[in-house]
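Participant: Take a look at the following structure, please.
The values are calculated or read from the model by the stated rules, or taken from the named source; none is laboratory data. Note that this is a predicted model, so its numbers are computed, not measured. Backbone-built Cβ (ideal geometry, glycine too); neighbour counts: all protein chains shown.
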Amino acid sequence: MKKLSPQKIALALAAPLAAAVVSIFVSSLAVLASHKSPFNAYTTMWEFGTQGGSLMEVLNTATPYYIAAIAIAVTFRAGLFNIGVEGQLRLGALFSAYIGAMFTLPPVLHVLAVFIVAMTIGGIWASIAAYLKVKRGVNEVISTIMLNSLAVGVTSFLFSKYFAVITEGSNNLATKELPKSAWFPDLVPLLTKLGVPEQPGGSVNGMLLIAIALGFIFWFVVNRTRFGFELRASGANPIAARVSGVNSKKMTFIALVISGAIAGLSGLPAVLGETHSYNMGFRSGIGFSAIAVALLGRNSAGGMAFSALLFGFLEVSSRALELIDIAPETYVIMQGSILLSSVIAYEVVRRFKLTLQSKELAKVVSA
Amino acid sequence: MSVAVELRHITKRFPGVVANKDVSMRVETGTVHALVGENGAGKSTVMKILYGMQHPDSGEILVNGTAVNLKNPNDAIELGIGMVHQHFMLADNFTVLENIILGAEPQHGVTIDFKAARAKVAEMSKAYGLDVDPDILVEELGVGQRQRVEILKVLYRGANILIFDEPTAVLVPQEVDDLFGALQGLRAKGMAVIFISHKLDEVLRVADDVTVVRAGETVAEVKAKDVTARQLAELMVGSELPQPTTHGDTRRAEVTLALKDVSIPTATGSRDLISHVSFNLHAGEVVGIAGVEGNGQAELVEAIMGLREYTGSIEFQGSTIDHMSVAHRHDLGIGLIPEDRQRQALMMNSPLWENRVLGHQRGKPVMRGFILDKKATIEDTKRIMEEFDVRAPGPMTAAAALSGGNQQKFIVGREMSKAPALLVASHPTRGVDVGAQGAIWEVLREARTKGMAIVLISADLEELVGMSDRLLVMLRGAITAELDPQKTTLEQLGSAMTGAA
């Protein structure tokens, strides 16, 4: 059973391939609807997207997606759903930029301090939903959605009233710039040393390394530790988990708070690596796109890395569509159709596998 | 008499059960037709095919003389086929009434006509003696009452071919009598009743015809009046049935479990779920808890395991465990075989080796510190599968793919692997085949000899009387009698359970 048979490989590839075919078909329809050639659109995207500078941009786009997707996956694995990542990361970003600029520490320590601020704020915000769920039985989907609205309001209010400083000659409100010690280094110098050619204006956000590390930690903790097992057990069968000694309320609380803390980190690539402050241009929607990334990546560390990169690639490369007069927002249709078709394809393959397993079992039992 | 249902040469491969190689049966209208066989012989599969939940790979289904193709249960319901499932399919957060009418709601314009529904349900409850409060939430019902809801649900849809999948597994003799009375009534009205069971005395009491399946094949079709239970048993398994018996007194001096005045009050302040329960259980002793389902047995288990708050005190091996968490109690050496294996003991979509970890995730052999020892777990899963004859391709197989009996053997093996000092066994052989039943009894006997204390809860009175050293009768949450199993007949026990004596 363990050996890689051609059948097994075919099964593993069936779902992603089917999903790709269906989504390309749907996206092509969208392009055709605007009387343009889909083939032309794809080649343009591919040519633009695979340029060195674009690839760096893809990494930068994927980094916060990946971190936020991990935050969501933590709850998915526990049978919960934290839709509140958007609010948690926004609050985390605002406070870490504001508090981080209040003091100076040696470089590494300063970054760590900002991490702690972001995780604490994200965790505290999520703990409201966790508390409501555990103590009052409030569905976390509802409460986190509402907390998102609240977070947007709270950040706008605090930002514009108290945290922002007005820079002469600029329309852009921003918090005080972080001292250099809190900047996360760009990876381009390192990459250049490794022989990667420099790109004009190209940068690679150092938080990429944090995202990769988080991915490994997520994989290890969820799949290889007792905590991870209890988390998954709570998701797979909460009643059985409780009967077997898992404190389900504690597990729910911890999962949501950890998720919030990780979500808090996902606002930092922008704050520490790009703008070095929280400003009006802070990108919105990362927390929502990350839901799709987590779903497409099936809540596994590797799968989410792939889907974060894919989403990043589509987003970056679709900018080139403007050159041939196609709305760049076409990428949203692509992302949507990929997500939908892959969810369906995986379900179909899962059922097919179960049937196969049953047949195998019937052989064993009747033997 | 006409033929209501006929199956011809049904073949089917289905998750976890023997391939149905060749099953045929004819059910006439106005009869009770029993389908007997070991679990895993393919009975439930045949019924699922008849109910449209599974599709035969080959073979024919005829309903009222016409060949039909049942794509889903709706097709079956339309043809007047109703099914009372072994695993209940009810929405916990709905009331009894809502569950009964779910999917067949009487309309009153755009709203549901609850008044008409309530009247109809009340009338049916009365007619068939299936007494359930229509406004109580299903999650508050015991297993026995849930079954009544299932039966009402089927009758509500106007079925005239009724399938009962192991309906008596959860009932005491008096309730079985009531059920059989209802079945006779249905028969008199010209309905066809298909009765799946492996309890042969019941089959002979209630059925007109019997179809015996073994390993996915019809091996006999007989009139109930022409056969004895022994003949049927031989047809079913081809060998003698195992007996639930224990030998000698293995009771030791030390008290393993002591309950002192344990009560579980309800939130609403009505009658306690269990009330002032006290008993001592010695090492090497089996105490059987007898009672009609829903009289506090489930709550007693939850109190012992720490799953529910209680007043009073529980001591394990001489020291109190009242303040201890569920996990702590497991780790002290209290094992549990829960009453509903799929809901309470398994992660159905996870592989067996991960299920091996469940409940044991705090120690060896599945853990090395805080790290999951996958290799050792897989090895130990293989050991359990071998020792307890769990039939599945390997540790990577999902629990859902196993038949009920194999799932249960796996759970028993898992609990026994930590050599618990106390085992709380709730319906340890419910819905498992004769072979597995004998194997599980043997495991319990052996552990008893080695000094394990067992709290045995079962609806199978023979099992209860045969395996227990002492019987405690639970009625409305309280212990109302203590009986010596050697001097108690099943009838006496049944009377004590319903409070008639």
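Participant: For region A:99-143, how many residues are out of contact with any Leu (no Cβ under 8 Å at 6 or more places or on another chain) and within 16 Å of A:Thr275 (Cα to Cα)? Can you show your working first?
Facilitator: As a first pass, look at region A:99-143 and keep what is out of contact with any Leu (no Cβ under 8 Å at 6 or more places or on another chain): A:99, A:102-110, A:112, A:116-117, A:120, A:123-124, A:131-132, A:134-137, A:139, A:141-142.
From what is left, the residues that are within 16 Å of A:Thr275 (Cα to Cα) are A:99.
Here the count works out to 1.
Participant: Would you be able to say whether some residue in region A:259-273 is surrounded by fewer than 24 Cβ atoms within 10 Å (Cβ to Cβ) and out of contact with any Gly (no Cβ under 9 Å at 6 or more places or on another chain)? Let's see the steps before the verdict.
Facilitator: Within region A:259-273, the subset surrounded by fewer than 24 Cβ atoms within 10 Å (Cβ to Cβ) is A:273.
When the remaining residues are screened for being out of contact with any Gly (no Cβ under 9 Å at 6 or more places or on another chain), the result is none.
Checking region A:259-273: not a single residue is surrounded by fewer than 24 Cβ atoms within 10 Å (Cβ to Cβ) and out of contact with any Gly (no Cβ under 9 Å at 6 or more places or on another chain).
Participant: Would you mind stating whether A:Ile166 is out of contact with any strand residue (DSSP E or B) (no Cβ under 6 Å at 6 or more places or on another chain), surrounded by fewer than 19 Cβ atoms within 10 Å (Cβ to Cβ) and more than 28 Å from A:Leu208 (Cα to Cα)?
Facilitator: On the way: out of contact with any strand residue (DSSP E or B) (no Cβ under 6 Å at 6 or more places or on another chain): yes; surrounded by fewer than 19 Cβ atoms within 10 Å (Cβ to Cβ): yes; more than 28 Å from A:Leu208 (Cα to Cα): yes.
Yes: the conditions hold for A:Ile166.
Participant: What is the number of the single condition among (1) part of a loop (DSSP other than H, G, I, E, B); (2) closer than 29 Å to B:Gly158 by Cα that B:Leu204 does not meet?
Facilitator: B:Leu204 satisfies every listed condition except (1).
Participant: Moving on to the next point. Identify the single condition in (1) under 20 Å from the mean Cα position of the chain (by Cα); (2) crowded, with 21+ Cβ neighbours inside 10 Å; (3) within 29 Å of A:Asn237 (Cβ to Cβ) that A:Ala130 does not satisfy, given that it satisfies every other one.
Facilitator: Of the numbered conditions (1) under 20 Å from the mean Cα position of the chain (by Cα); (2) crowded, with 21+ Cβ neighbours inside 10 Å; (3) within 29 Å of A:Asn237 (Cβ to Cβ), the odd one out for A:Ala130 is (1).
Participant: Shifting gears a bit: Does any residue in region B:272-299 that is in contact (Cβ under 8 Å) with a residue 40 or more places away in the chain come within less than 9 Å, Cβ to Cβ, of a residue that is among the aromatic types (Phe, Trp, Tyr) and surrounded by fewer than 21 Cβ atoms within 10 Å (Cβ to Cβ) six or more places away or on a different chain, and which pairs are these?
Facilitator: B:Val287/B:Phe279
Participant: Among (1) surrounded by 16 or more Cβ atoms within 10 Å (Cβ to Cβ); (2) more than 14 Å from chain B (Cβ to nearest Cβ); (3) at pLDDT below 95, where does A:Pro189 come up short?
Facilitator: With (1) surrounded by 16 or more Cβ atoms within 10 Å (Cβ to Cβ); (2) more than 14 Å from chain B (Cβ to nearest Cβ); (3) at pLDDT below 95 applied to A:Pro189, the lone miss is (1).
Participant: May I ask you to list pairs of residues, at least six apart or on different chains, whose Cβ atoms are under 6 Å apart, with the first in region B:50-77 being in the same structural domain as B:Met89 (by TED's automatic domain parsing) and the second being aliphatic (A, V, I, L, M) and in a helix (DSSP H, G or I)?
Facilitator: What qualifies is B:Tyr51/B:Ala76; B:Gly52/B:Ala76; B:Pro56/B:Ile49; B:Leu70/B:Ala76.
Participant: Another question, then. For A:Ser28, all conditions in the list (1) polar (S, T, N, Q); (2) without any contact (Cβ under 8 Å) to a residue 24 or more places away in the chain; (3) closer than 30 Å to A:Glu198 by Cβ hold save one; what is the number of the exception?
Facilitator: That leaves (3) as the condition not met.
Participant: While we're here: Out of the residues in region B:191-214 meeting the condition of being among the acidic types (Asp, Glu) and more than 20 Å from the chain's Cα centre (by Cα), tell me which one is farthest from B:Lys43 (Cα to Cα). So that I can check it myself, show each step before the final result.
Facilitator: Here is the first cut: in region B:191-214, the residues among the acidic types (Asp, Glu) are B:201-202, B:208-209.
Keeping just the survivors that are more than 20 Å from the chain's Cα centre (by Cα) gives B:208-209.
Details: B:Asp208: 18, B:Asp209: 15 Å.
If we take residues in region B:191-214 being among the acidic types (Asp, Glu) and more than 20 Å from the chain's Cα centre (by Cα), then B:Asp208 is farthest from B:Lys43 (Cα to Cα).
Participant: Related question: Count, please, the residues in region A:23-39 that happen to be surrounded by 14 or more Cβ atoms within 10 Å (Cβ to Cβ) and not in a helix (DSSP H, G or I).
Facilitator: Residues that pass the stated criteria total 2.
Participant: Cβ contacts < 7 Å: first residue within 14 Å of another protein chain (Cβ to nearest Cβ), restricted to region A:241-268; second residue among the charged types (D, E, K, R), any location; separation 6+ or different chain. Result?
Facilitator: A:Ala241/A:Glu230; A:Val246/A:Glu230; A:Ser248/A:Arg242; A:Met251/A:Glu230
Participant: Could you pull out every one of the helices (runs of 4 or more DSSP H) wholly within region B:391-485 that has 3 or more residues that are modelled with pLDDT of 90 or more? Talk me through it step by step, then tell me what you get.
Facilitator: Details: elements: B:404-416, B:434-449, B:461-467.
Passing ranges, in order: B:404-416, B:434-449.
Participant: Please enumerate the residues belonging to region B:42-67 that are part of a strand (DSSP E or B) and small (Gly, Ala, Ser). Working first, answer last.
Facilitator: As a first pass, look at region B:42-67 and keep what is part of a strand (DSSP E or B): B:58-63, B:66-67.
B:Ser58, B:Gly59, B:Ala67, listed by residue number.
Participant: Could you list, in sequence order, all residues of region B:285-317 that are within 14 Å of chain A (Cβ to nearest Cβ) and out of contact with any Gly (no Cβ under 8 Å at 6 or more places or on another chain)?
Facilitator: B:Val301, B:Glu302, B:Ala303, B:Ile304, B:Met305, B:Gly306, B:Leu307, B:Arg308, B:Glu309
Participant: Sticking with this one: Can you list the helices (runs of 4 or more DSSP H) lying wholly within region B:318-381 that have 1 or more residues being more than 8 Å from every other protein chain (Cβ to nearest Cβ), modelled with pLDDT under 90 and at negative phi?
Facilitator: Numbers: elements: B:326-333, B:341-344, B:352-357.
Helices (runs of 4 or more DSSP H) meeting the threshold: B:341-344.
Participant: Right, something else. Which of the residues belonging to region A:195-239 are touching a helix residue (DSSP H, G or I) at 6+ places or on another chain (Cβ under 8 Å), small (Gly, Ala, Ser) and away from chain B (no Cβ under 11 Å)?
Facilitator: A:Gly201, A:Gly202, A:Ser203, A:Gly206, A:Ala211, A:Gly215 - these are the residues of region A:195-239 that are touching a helix residue (DSSP H, G or I) at 6+ places or on another chain (Cβ under 8 Å), small (Gly, Ala, Ser) and away from chain B (no Cβ under 11 Å).
Participant: Check whether at least one residue in region A:289-301 is surrounded by fewer than 19 Cβ atoms within 10 Å (Cβ to Cβ), within 14 Å of chain B (Cβ to nearest Cβ) and over 30 Å from A:Lys36 (Cα atoms), and report yes or no.
Facilitator: Just the residues of region A:289-301 that are surrounded by fewer than 19 Cβ atoms within 10 Å (Cβ to Cβ), to begin with: A:298, A:300.
From what's left, within 14 Å of chain B (Cβ to nearest Cβ): A:298.
From the residues that got through so far, the ones that are over 30 Å from A:Lys36 (Cα atoms) too are A:298.
Yes: region A:289-301 contains one or more residues that are surrounded by fewer than 19 Cβ atoms within 10 Å (Cβ to Cβ), within 14 Å of chain B (Cβ to nearest Cβ) and over 30 Å from A:Lys36 (Cα atoms).
Participant: While we're here: Can you tell me which residue within region A:79-96, out of those that are out of contact with any Asp or Glu (no Cβ under 9 Å at 6 or more places or on another chain) and among the aliphatic types (A, V, I, L, M), is farthest from A:Val246 (Cα to Cα)?
Facilitator: A:Leu94
Participant: When you scan region A:200-219, how many residues do you find that are surrounded by fewer than 19 Cβ atoms within 10 Å (Cβ to Cβ) and either closer than 19 Å to A:Pro107 by Cα or more than 18 Å from the chain's Cα centre (by Cα) (or both)?
Facilitator: Taking region A:200-219 and keeping what is surrounded by fewer than 19 Cβ atoms within 10 Å (Cβ to Cβ), we get A:200-201, A:203, A:209, A:212-213, A:216-217, A:219.
Okay, now just the ones that are also either closer than 19 Å to A:Pro107 by Cα or more than 18 Å from the chain's Cα centre (by Cα) (or both), so A:200-201, A:203, A:209.
Of the residues in that region, 4 qualify.
Participant: Also: Go through A:Val293, A:Val349 for me and flag whichever is of a type in the set (Val, Ile, Thr) and either assigned to a loop (DSSP other than H, G, I, E, B) or at pLDDT below 85 (or both). Walk me through it before giving the result.
Facilitator: Values: A:Val293 fails: either assigned to a loop (DSSP other than H, G, I, E, B) or at pLDDT below 85 (or both).
Testing whether each residue is of a type in the set (Val, Ile, Thr) and either assigned to a loop (DSSP other than H, G, I, E, B) or at pLDDT below 85 (or both) leaves just A:Val349.
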